[in-house]
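Student: Let me begin by handing over the structure; questions about it come next.
The values are calculated or read from the model by the stated rules, or taken from the named source; none is laboratory data. Worth saying up front: this structure is predicted, and the values here are computed from it rather than measured. Counting neighbours? That spans all protein chains shown, and the Cβs are built from the backbone with ideal geometry, glycine included. Side chains included, ligands, DNA and RNA excluded: accessible areas come from the protein's heavy atoms. Shrake-Rupley method; radii C 1.70, N 1.55, O 1.52, S 1.80 Å.
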Amino acid sequence: MLSEFLQFLFSGLTVGAIYGLIGLGFAVIYNASHVINFAQGEFVMIGGMATVFLMAAGLPMPLAVVLAIAGAALVGWLLARIGIETARGAGVVGLIIITIGASILLRGLAQVVWDRNFHPLPPISGDAPIHVFGATLLPQSLWIGAALIAIMAALRFFFDHTRTGKAMQAAAIDPLAAQLMGIDIRRLVRLSFVLSAALGALAGVLVAPITMTYANVGVMLGLKGFAAAIVGGLGNPLGAIAGGLVVGIAEAMTAGYLSSAWKDVVAFVIILFVLLFLPNGLFGRAEVHRA
Amino acid sequence: MVIGHGSVDMSTQRHATTPMLEVIDLQSRHGRIQALKGASLAVRAGQLVALVGANGAGKTTLMRALSGVQPVHGGQILFEGRDITRATAGARVRAGIVQVPEGRRVFGPMSVEDNLRLGAFTRSRREEEEGLERAYALFPRLKDRRRQLAGTLSGGEQQMLAIARALMARPRLLLLDEPSMGLSPLLVDQTFETIQRLAKDGMTIFLVEQNAFVALSIADHGYVLEGGRTVLDGPGRALLEDDRVKEAYLGV
Ligand SMILES: Nc1ncnc2c1ncn2[C@@H]1O[C@H](COP(=O)(O)OP(=O)(O)O)[C@@H](O)[C@H]1O
Ligand SMILES: [Mg+2]
């Protein structure tokens, strides 16, 4: 009984941490621009797929990972620069539609430039399971947890102790007042896309050894990350991570105790529930800047 | 020195009379609404200039256009003789045009000190630290509350913070949009005392106000904005005596 529960919990926390990282990307972009970036899942895909193909080209994994994340960051910058800035007059809804278009374009390009197959990535430190009270834990899960904690610490430092981080908080609170301080909002929006793309790509690299990666992997992962961001209260970075864990655990428990057929439905039930009854998420939107 | 009566003298003379800020026939729209239809004015170095106008006259639109956060559809803005009509908001702050916006707009969920530091966003670290010391010397109350969230300050303290935050950018020209808004008469007096103190210390100030009486009584020069046009100007005290101003803005 306990071992079964633990097993589901481990699996929920692992995948939940990934959803949280992806949700974090939604939060960072939302804060800077009020845009919900539906190409977030494609950053995840680029991270995994680029690593796969760079390794196939003979690069060692660490270098492949760094280049893949940098490549995704560049795509994020281009999306902000070309997609968002040139369409400033389009309004937030128009910009969101642009990100949907970008996501379709990036999926198509991935299928042409790379391929339509499923690819595994080797786990960071082997796949000999660790036994805990009768349940098994993959070393990759520990890496994912460690990465999540490191990212949270880094972001906290960035937002609370750097000038640019504080400027991002200020711009999220009141863009006009921030501009009057000489803060360049366009630069911050670009930076938020770069940061979110890098976070997404990292999630893509971390999750690929568990779920494999393919050109359309970002569709479902992106939606789960969106669910995480909604549960956490849109624009609340820490909330997005907690939201990811909530969605991941709920999903794993449903798959374990009910049926795996229901697994993907859970995220959408949660989105609907939160949007209908808790429009500010479980953790509140007001906490945005304090995260 | 008869021979010296050449181009050099002419240019220094012209320089001395070039206003710090010159606005020429400025036009600006909000979508289809033309909020500025021809605003012209000049602010000279060291002056305190006030522009008064009724609610909806276009005062805030003018201030935003001066700061580069509102599109301009015609006319010119010159700062120290340079055309800045198309300059970015950041470039204007770096040049020394800094605004205290209508409604104060402090960053409520951030600390008082973070608010002040953000004011020095375009300045060096050293200038930021120096600015902080000056701000705390000028407004000791803010020092006591520096760890407090700005949103928890009273209206008067928020106005102090908004002014101190703008000073952190080391303005050469301070723009104030409706500093009396939402304040009790006592706090309005305090705020205008602060503004006068800054003016005495040599700061060039351009403020817009609906409260024509307080604004014009301290202004070296005043303008009246009506329907997006500057329709009248003169020394502050003289405008206060003007029948049209009395009738329209002072309820006399
Ligand atoms: N964001 C906006 N969208 C549409 N119209 C606006 C906007 N802001 C101001 N206006 C209109 O422009 C005119 C001038 O407004 P404003 O500059 O705020 O005047 P004031 O500051 O003198 O009260 C008003 O008619 C107002 O309704
Ligand atoms: Mg106004």
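Student: Would you please name the residue that is farthest from the chain's Cα centre (by Cα), looking only at residues in the range A:222-240 that are under 14 Å from A:L148 (Cβ atoms) and open to solvent by 10 Å² or more (accessible area, probe 1.4 Å)?
Tutor: Filtering first and then ranking leaves A:L238.
Student: Taking the stated definitions as given, is A:I151 open to solvent by 10 Å² or more (accessible area, probe 1.4 Å), in contact with a Ser or Thr (Cβ under 8 Å, 6 or more places away or on another chain) and of a type in the set (A, V, I, L, M, F, W, C)?
Tutor: Taking the combined requirement at face value, the residue does not satisfy it.
Student: Just to be sure, is B:L175 within 15 Å of the chain's Cα centre (by Cα), within 16 Å of ligand 2 (Cβ to nearest atom), crowded, with 16+ Cβ neighbours inside 10 Å and modelled with pLDDT of 95 or more?
Tutor: yes
Student: Further, regarding this structure: Taking the range B:212-228 on its own, how many of its residues are within 16 Å of ligand 2 (Cβ to nearest atom) and either in contact with a helix residue (DSSP H, G or I) (Cβ under 7 Å, 6 or more places away or on another chain) or within 14 Å of B:L36 (Cα to Cα) (or both)?
Tutor: Counting residues in the range B:212-228 that are within 16 Å of ligand 2 (Cβ to nearest atom) and either in contact with a helix residue (DSSP H, G or I) (Cβ under 7 Å, 6 or more places away or on another chain) or within 14 Å of B:L36 (Cα to Cα) (or both) gives 7.
Student: Where the second residue is surrounded by 21 or more Cβ atoms within 10 Å (Cβ to Cβ) and outside any helix (DSSP H, G or I) and the first is facing chain B (nearest Cβ under 7 Å) and lies in the range A:167-179, which pairs have Cβ atoms under 6 Å and are six or more apart or on separate chains?
Tutor: The qualifying pairs are A:A167/A:I183; A:A170/B:F107; A:I173/B:F107.
Student: Here is a list: B:R141, B:R145. Which entry is touching a Leu at 6+ places or on another chain (Cβ under 7 Å), more than 8 Å from chain A (Cβ to nearest Cβ) and open to solvent by 30 Å² or more (accessible area, probe 1.4 Å)?
Tutor: Exactly one of B:R141, B:R145 is touching a Leu at 6+ places or on another chain (Cβ under 7 Å), more than 8 Å from chain A (Cβ to nearest Cβ) and open to solvent by 30 Å² or more (accessible area, probe 1.4 Å), namely B:R145.
Student: Among (1) open to solvent by 10 Å² or more (accessible area, probe 1.4 Å); (2) of a type in the set (S, T, N, Q); (3) within 13 Å of ligand 2 (Cβ to nearest atom), which single condition is B:Q99 missing?
Tutor: (1)
Student: Please enumerate the residues belonging to the range A:117-135 that are under 22 Å from the mean Cα position of the chain (by Cα) and assigned to a loop (DSSP other than H, G, I, E, B).
Tutor: Scanning the range A:117-135 gives A:F118, A:P120, A:L121, A:P122, A:P123, A:I124.
Student: Right, here's the next one. Name the single residue that is nearest to ligand 1 (Cβ to nearest atom) among those in the range B:84-117 being among the acidic types (D, E) and outside any loop (DSSP other than H, G, I, E, B).
Tutor: Step by step, filter the range B:84-117, then rank; the result is B:D114.
Student: Within the range B:45-71, work out how many residues are within 11 Å of ligand 1 (Cβ to nearest atom), open to solvent by 20 Å² or more (accessible area, probe 1.4 Å) and more than 14 Å from chain A (Cβ to nearest Cβ).
Tutor: Residues flagged as within 11 Å of ligand 1 (Cβ to nearest atom), open to solvent by 20 Å² or more (accessible area, probe 1.4 Å) and more than 14 Å from chain A (Cβ to nearest Cβ) within the range B:45-71 amount to 3.
Student: Considering only the range B:182-252, give the helices (runs of 4 or more DSSP H) lying wholly within it that have at least 3 residues that are closer than 25 Å to B:P171 by Cα and touching a Leu at 6+ places or on another chain (Cβ under 9 Å).
Tutor: Hits in the range B:182-252: B:185-200, B:212-218.
Student: Looking for something outside any helix (DSSP H, G or I), over 24 Å from A:M49 (Cα atoms) and of a type in the set (G, A, S) - is there at least one such residue anywhere in the range A:198-219? Step through it out loud before you land on a result.
Tutor: Kept after step one, since they are outside any helix (DSSP H, G or I), are these residues of the range A:198-219: A:212-216.
This time we only want the ones that are over 24 Å from A:M49 (Cα atoms), so: none.
No; the residues of the range A:198-219 include none that is outside any helix (DSSP H, G or I), over 24 Å from A:M49 (Cα atoms) and of a type in the set (G, A, S).
Student: Looking at the range B:110-126, can you tell me whether even one residue there is under 26 Å from B:V43 (Cα atoms), more than 16 Å from ligand 2 (Cβ to nearest atom), surrounded by fewer than 23 Cβ atoms within 10 Å (Cβ to Cβ) and free of Cβ contacts under 8 Å to residues at least 40 places away in the same chain?
Tutor: The answer is no, given that none of the residues of the range B:110-126 is under 26 Å from B:V43 (Cα atoms), more than 16 Å from ligand 2 (Cβ to nearest atom), surrounded by fewer than 23 Cβ atoms within 10 Å (Cβ to Cβ) and free of Cβ contacts under 8 Å to residues at least 40 places away in the same chain.
Student: Could you check, for the range B:4-21, whether at least one of its residues is more than 14 Å from chain A (Cβ to nearest Cβ), over 17 Å from the mean Cα position of the chain (by Cα), at pLDDT 95 or above and surrounded by 13 or more Cβ atoms within 10 Å (Cβ to Cβ)?
Tutor: Scanning the range B:4-21 turns up no residue that is more than 14 Å from chain A (Cβ to nearest Cβ), over 17 Å from the mean Cα position of the chain (by Cα), at pLDDT 95 or above and surrounded by 13 or more Cβ atoms within 10 Å (Cβ to Cβ).
Student: Could you list, in sequence order, the residues of the range B:85-96 that are open to solvent by less than 30 Å² (accessible area, probe 1.4 Å) and more than 14 Å from chain A (Cβ to nearest Cβ)?
Tutor: B:T85
Student: Are any residues in the range B:148-169 in a helix (DSSP H, G or I), among the polar types (S, T, N, Q) and open to solvent by 20 Å² or more (accessible area, probe 1.4 Å), and if so, which ones? So that I can check it myself, show each step before the final result.
Tutor: Looking only at the range B:148-169, we keep the residues that are in a helix (DSSP H, G or I), and these are B:150-152, B:155-167.
Keeping just the survivors that are among the polar types (S, T, N, Q) gives B:152, B:158-159.
Of everything in the range B:148-169, those that are in a helix (DSSP H, G or I), among the polar types (S, T, N, Q) and open to solvent by 20 Å² or more (accessible area, probe 1.4 Å) turn out to be B:T152, B:Q158.
Student: Further, regarding this structure: Would you mind finding the one in A:V93, A:V28, A:V75 that is open to solvent by less than 10 Å² (accessible area, probe 1.4 Å) and β-branched (V, I, T)?
Tutor: Residue meeting the stated conditions: A:V28.
Student: Report, by residue number, each residue of the range A:111-136 that is among the polar types (S, T, N, Q) and in contact (Cβ under 8 Å) with a residue 24 or more places away in the chain.
Tutor: A:Q111, A:N117, A:T136
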